[in-house]
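S.K.: Okay, here's the structure, questions in a sec.
The values are calculated or read from the model by the stated rules, or taken from the named source; none is laboratory data. The structure displayed is predicted, hence computed values, not measured ones. Here the Cβ positions follow ideal geometry from the backbone for every residue, glycine too, while neighbour counts run over all protein chains shown.
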Amino acid sequence: HLPMPSTAWFVFDAEGLAQGAIPPSADGAAPDAKGYAHAANTIEELAAKMEVPVEELTTTVSQWNECCDNGKDIFFHRPESTLVPVKTPPFYAQLCAPSFLNTDGGPVRAADGAILDYDGNPIPGLYSAGEFGSIWGHYYEGGGNVAECLVFGRISAKSALGSEAK
Ligand SMILES: Cc1cc2nc3c(=O)[nH]c(=O)nc-3n(C[C@H](O)[C@H](O)[C@H](O)COP(=O)(O)OP(=O)(O)OC[C@H]3O[C@@H](n4cnc5c(N)ncnc54)[C@H](O)[C@@H]3O)c2cc1C
C-alpha cells in the first residue's frame, strides 16, 4: 500500500478560482454557496473551517508563496511555470478524495498476449489479460477495459496452452 493521507485538500485563492480550479456554476453561484468548497477572507479563518491546525496551514501557505516568489519549489520540485502563489482573498479549500479507476499498461503485451521484455522479446510462458500490459496504456478508452479482459483472456489462454503443448 502507498502511504496516503486520510484527508487532503486543494487550497487556492481568488486567482486560482478565476483560472478554473472549480469550473463556474451555470447559475453563477460561488463554490462555497454550492457546498463545493470552504471560503474565507484569511488563511486562519479557512483553517478553522477546514478543522486543521491554523499554524500548520499558515506555515504551509507562506512556504508555498515563498517558493513562488523565488521561482524555485524546494519541497516538491514543481516546474517554475506552475508556481502560482496563494495570496488573493477570498481563499478556498476543497476536499480532495483520492480515487482511481485504472492502472493500465506497465509492461507491453504482444498480439498473442505475451508480455515482452525490455528488448521487445516475449518472456517465455508469461501472458496477460486485463490492465496488466493493457493495450489502453496510452489513453483512456471508455468501456474498453472489461472487453479487453475478455478478449485477451481468450487470446492469452490459447497462446499459453499452445506454448505448453509445444
Ligand atoms: C469504479 C470502476 C468503474 C469501472 N467501469 C468500467 C466500465 O464501465 N467499463 C470497463 O470496460 N471498465 C471499467 N472499469 C475498469 C475495469 O473494471 C478494470 O479495467 C478491469 O476490471 C481490470 O481487470 P484486471 O483483471 O486487469 O484487474 P483486476 O480486476 O484489478 O483484478 C486483479 C486481481 O488480482 C488480485 N490480486 C492483486 N494482487 C494479488 C496478489 N499479490 N496475489 C493474488 N491476487 C492478487 C486482486 O485482488 C484482483 O482480484 C471500471 C473500474 C472501476 C474501479
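S.K.: Could you tell me which numbered condition residue 139 fails, if it satisfies all but one of (1) within 15 Å of the ligand (Cβ to nearest atom); (2) not aliphatic (A, V, I, L, M); (3) not in a loop (DSSP other than H, G, I, E, B)?
M.R.: The number of the failed condition is (3).
S.K.: Something else: When region 88-131 is examined, which residues are found to be of a type in the set (Ser, Thr, Tyr) and either in contact (Cβ under 8 Å) with a residue 12 or more places away in the chain or within 16 Å of the ligand (Cβ to nearest atom) (or both)? It would help to see each step written out before you state the result.
M.R.: To start, the set of residues in region 88-131 that are of a type in the set (Ser, Thr, Tyr) comprises 88, 92, 99, 103, 118, 127-128.
Selection gives 88, 92, 99, 103, 127, 128.
S.K.: Of the residues that make up region 149-157, is at least one under 30 Å from residue 69 (Cα atoms), more than 9 Å from the ligand (Cβ to nearest atom) and not in a loop (DSSP other than H, G, I, E, B)?
M.R.: Applying the first criterion (under 30 Å from residue 69 (Cα atoms)) to region 149-157 yields none.
No, every residue in region 149-157 fails to be under 30 Å from residue 69 (Cα atoms), more than 9 Å from the ligand (Cβ to nearest atom) and not in a loop (DSSP other than H, G, I, E, B).
S.K.: On the given criteria, is residue 134 within 15 Å of the ligand (Cβ to nearest atom), out of contact with any Phe, Trp or Tyr (no Cβ under 8 Å at 6 or more places or on another chain) and over 30 Å from residue 42 (Cα atoms)? Break it down stepwise before answering.
M.R.: Working: within 15 Å of the ligand (Cβ to nearest atom): yes; out of contact with any Phe, Trp or Tyr (no Cβ under 8 Å at 6 or more places or on another chain): yes; over 30 Å from residue 42 (Cα atoms): yes.
Yes; evaluated as a whole, the condition is true for this residue.
S.K.: Any residue in region 36-49 that's in the same structural domain as residue 23 (by TED's automatic domain parsing): show its pairings with residues that are part of a loop (DSSP other than H, G, I, E, B) and surrounded by 14 or more Cβ atoms within 10 Å (Cβ to Cβ) at Cβ separation under 6 Å, as long as the two are six or more apart or on different chains.
M.R.: Pairs that qualify, where the first residue is in the same structural domain as residue 23 (by TED's automatic domain parsing) and the partner is part of a loop (DSSP other than H, G, I, E, B) and surrounded by 14 or more Cβ atoms within 10 Å (Cβ to Cβ), are 36/22; 39/90; 41/89; 41/90.
S.K.: A further question follows. Name the residues in region 34-78 that are exposed (fewer than 12 other Cβ atoms within 10 Å of the Cβ) and of a type in the set (A, V, I, L, M), would you?
M.R.: Listed by number, the list holds a single entry, 74.
S.K.: Is at least one residue of region 32-49 of a type in the set (D, E, K, R), more than 30 Å from residue 127 (Cα to Cα), assigned to a helix (DSSP H, G or I) and modelled with pLDDT under 95? Let's see the steps before the verdict.
M.R.: Initially, region 32-49 is screened for residues of a type in the set (D, E, K, R), giving 32, 34, 44-45, 49.
From what is left, the residues that are more than 30 Å from residue 127 (Cα to Cα) are 32, 34, 44-45, 49.
With assigned to a helix (DSSP H, G or I) added as a condition, the list becomes 32, 34, 44-45, 49.
Okay, now just the ones that are also modelled with pLDDT under 95, so 32, 34.
There is at least one residue in region 32-49 that is of a type in the set (D, E, K, R), more than 30 Å from residue 127 (Cα to Cα), assigned to a helix (DSSP H, G or I) and modelled with pLDDT under 95.
S.K.: While we're here: Restricting to region 93-124, count the residues that are farther than 13 Å from residue 152 by Cβ, assigned to a loop (DSSP other than H, G, I, E, B) and touching an Asp or Glu at 6+ places or on another chain (Cβ under 7 Å).
M.R.: Residues flagged as farther than 13 Å from residue 152 by Cβ, assigned to a loop (DSSP other than H, G, I, E, B) and touching an Asp or Glu at 6+ places or on another chain (Cβ under 7 Å) within region 93-124 amount to 2.
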